[in-house]
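For reference, the structure is listed below as structure tokens.
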Amino acid sequence: ETAVFQTPNYHVTQVGNEVSFNCKQTLGHDTMYWYKQDSKKLLKIMFSYNNKQLIVNETVPRRFSPQSSDKAHLNLRIKSVEPEDSAVYLCASSWGTGRAETLYFGSGTRLTVL
Amino acid sequence: QQQVRQSPQSLTVWEGETAILNCSYEDSTFNYFPWYQQFPGEGPALLISIRSVSDKKEDGRFTIFFNKREKKLSLHITDSQPGDSATYFCAGDDTNAYKVIFGKGTHLHVLP
């Protein structure tokens, strides 16, 4: 049963546009993440949020920004998308940070930048 | 540098055979190693995991063998089924750095 919900499933946009992806978890976890999965399936962590505080911020371009209203929601905004942003963006949640044993993923949002 | 390496990149076996997926890591701070299974159109899901204090973990047809000295582990899938066809990710849990490091994955294709 899906416990990490992502919307939309797919999004196609033009270079330079702004996009926003939503994520909600119903597991009661206290940490949420955004991962980027490229065309070769490589998974890279972008951000993690614990109790509304940014814990990990990898060297992602400044046009990416996470937005959280509470511990159950973590959205991702991309200002002025570029072709290399085409990928699947996976939201995840866990108990505590770096707790792979409780890490649950959503089904992803596939972004295509034309 | 924290890295998790997987091999082979792609593996094809016949139904009923044993598939062996390999993984190695560099960082000695890793003490927990989960394997995730990902089907097309879905996110990765935890399949089986092992802690560094153990050398073997079994769950049905899935077994992890762990060699701490050599920093290597492997996932064995016995009696492989076409439904096992997926991408398998090995990961290392580095709680000191507050992040999970994933390998690049092994795509398994089980032929009927």
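The values are calculated or read from the model by the stated rules, or taken from the named source; none is laboratory data. None of the values given here were measured: they were computed from a predicted structure. Note that we place each Cβ from the backbone using ideal geometry, even for glycine, and neighbour counts take in every protein chain shown. Only protein heavy atoms, including side chains, enter the accessible area calculation; ligands, DNA and RNA are left aside. Shrake-Rupley method; radii C 1.70, N 1.55, O 1.52, S 1.80 Å.
Among the residues making up the stretch A:82-114, those that are more than 14 Å from chain B (Cβ to nearest Cβ) and open to solvent by 10 Å² or more (accessible area, probe 1.4 Å) are A:E82, A:P83, A:E84, A:S86, A:T112, A:V113, A:L114.
Restricting attention to the stretch B:23-48, the residues that are more than 14 Å from every other protein chain (Cβ to nearest Cβ) and open to solvent by less than 60 Å² (accessible area, probe 1.4 Å) add up to 1. Taking the listed residues A:K40, A:K52, A:K79, the one that is under 29 Å from B:L108 (Cα atoms) and surrounded by fewer than 19 Cβ atoms within 10 Å (Cβ to Cβ) is A:K40, with no other qualifying. Among residues of the stretch A:72-95 being part of a loop (DSSP other than H, G, I, E, B) and more than 14 Å from the chain's Cα centre (by Cα), the one that is nearest to B:F39 (Cα to Cα) is A:W95. Scanning the stretch A:84-107 for residues that are more than 19 Å from B:G103 (Cα to Cα), among the hydroxyl-bearing types (S, T, Y) and touching a Pro at 6+ places or on another chain (Cβ under 9 Å) turns up nothing.
Scanning the stretch B:74-112 for residues being within 14 Å of chain A (Cβ to nearest Cβ), open to solvent by less than 60 Å² (accessible area, probe 1.4 Å) and assigned to a strand (DSSP E or B) gives a total of 15. Filtered by the rule that a residue be in a strand (DSSP E or B), free of Cβ contacts under 8 Å to residues at least 40 places away in the same chain and within 13 Å of B:S28 (Cα to Cα), the stretch B:55-73 gives a lone residue, B:N67.
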